[in-house]
Amino acid sequence: MKYGKWIGGIMGFMAMGPLGALAGFAIGSLFDKAADAQAVQGEYSPEESVYMGQRNSFLFSMLVMSSYIIRADGRIMHSEMEYVRQFLRANFGEAAADEGERILLNLFEQRKQMERTDPMAFRNTIRDCGAQIAANLSYEQRLQLLDFLVKIAQADGSVCTAEIEALKEVSAYMQLGMQDVDSLLNLGGSSVDEAYRVLEISPSASDEEVRAAYRRLVLRHHPDKVAALGEDIRRAAEEKMQAINEAKERIFKARGMK
C-alpha cells in the first residue's frame, strides 16, 4: 500500500478545502506512481493513469463522505469505523486500514474545528465535495459509493433518522435521487414490501412495470459499470446485484410470475 495518495488527499483537504482535496489526492497518487515507475524502470500507460485517478478519487470520496455519515447521529460508532477498516484491510492490507482510520479521525477533528465558528461550515464542505464527486465520477460509480455509505450506516444494526437524513443529503449533493437511498436501504430485506422498495415501485404496479423496473436497476447497478474502479469494487457491486435479483425473485414468486 502506498501512502502518497492518502497523505496528499488529506493534506489537500485540510490546506485548500474540498476543492483541493481531490487535487491533493491526485498529487499523492502521482507520487506513488513515480515511485513505482522508478522501481520497475518503466512508465504508466495513459489507461493506467486514468484507472488510478478514478480509483483514488472514489476511495478518498468514500472516506470524506463516510466521515459525515458516521457522525450524523452525533456519535462515532466502533462498528461503523470497523466496516471502513475491514474494507480497506481486505483489499489493501492492515497498513491501509490504519491510514484510512487516521484520515477519518482527522476529518472528525476538522469538522469539530470548523463548526466552532460556523455550524454549517462542514456541511457546506460536504456539499462542495458532493458537487466535485458528481463532476468526476459516473452515475453508476456514485451509486456504488452511496451503497458503501448505506452499509456503513447499517453497520451497527440500525439506521436512525439522522443517518437517513444525512444519506439523503449526501445523495442530493452527489446528484442522485432520494429513491436511490430508499432502494439501497431495503436491499437484503426479507419481505415483499421491502422488495418493492428496492425496485422503486409500488405493490399496485403491473407485471410489466415490475419487469421494466428490474431492467432499469440492472442497467444502473451492473458490476461492469464500476469495473474500472478495481476488482474489489466490482465484487461489492456483484453482491449488490445479487441482492437486487433476490428482491426481484420475491416479487415474482408472490405474483406467480416467471
Exercise. Around Ala155, what is the net charge, scoring Lys/Arg as +1 and Asp/Glu as -1 over all other residues with Cβ under 9 Å from its Cβ?
Worked result: -2
Exercise. Quick one: Karplus J couplings for segment 159-173, per residue in order, coefficients 6.51, -1.76, 1.60, θ = phi - 60°, nearest Hz, x for Gly and Pro?
Worked result: 10, 7, 4, 5, 5, 4, 5, 5, 5, 5, 5, 5, 4, 5, 4
Exercise. Quick one: Karplus J couplings for segment 241-247, per residue in order, coefficients 6.51, -1.76, 1.60, θ = phi - 60°, nearest Hz, x for Gly and Pro?
Worked result: 5, 5, 5, 5, 4, 5, 5
Problem set entry | Distance in nm between pseudo-label sites at Asp193 and Arg235 (7 Å out along the Cβ direction from Cα) | 3.5 nm
For this session: Rounded to whole Hz and in sequence order, give me ³J(HN,Hα) for segment 215-222 from the Karplus expression 6.51 cos²θ - 1.76 cosθ + 1.60, θ = phi - 60°, writing x for Gly and Pro.
Result: 4, 4, 5, 4, 5, 7, 10, 4
Exercise. Between Glu208 and Gln113, 0.36 nm times their residue separation minus their Cα-Cα distance comes to what?
Worked result: 28.9 nm
Problem set entry | Modelled FRET efficiency - R0 22 Å, Asn124 with Ser158, Cβ distances, 0.05 increments | 0.20
Exercise. Cα-Cα over 28 Å: which of Lys168/Lys240; Lys168/Lys258; Lys112/Lys240; Lys168/Lys253; Lys151/Lys225?
Worked result: Lys168/Lys258; Lys112/Lys240; Lys168/Lys253
Problem set entry | Dipole in debye (nearest 20) - segment 125-199, about Cα centre, beta carbon charges: Lys, Arg +1; Asp, Glu -1 | 160 debye
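Laboratory data are not the source of any read-out in this text; all were calculated from the coordinates shown. Because the structure is a prediction, the values reported are computed rather than measured. With ideal geometry, Cβ positions are generated from the backbone for all residues, glycine too; neighbour counts draw on all protein chains shown.
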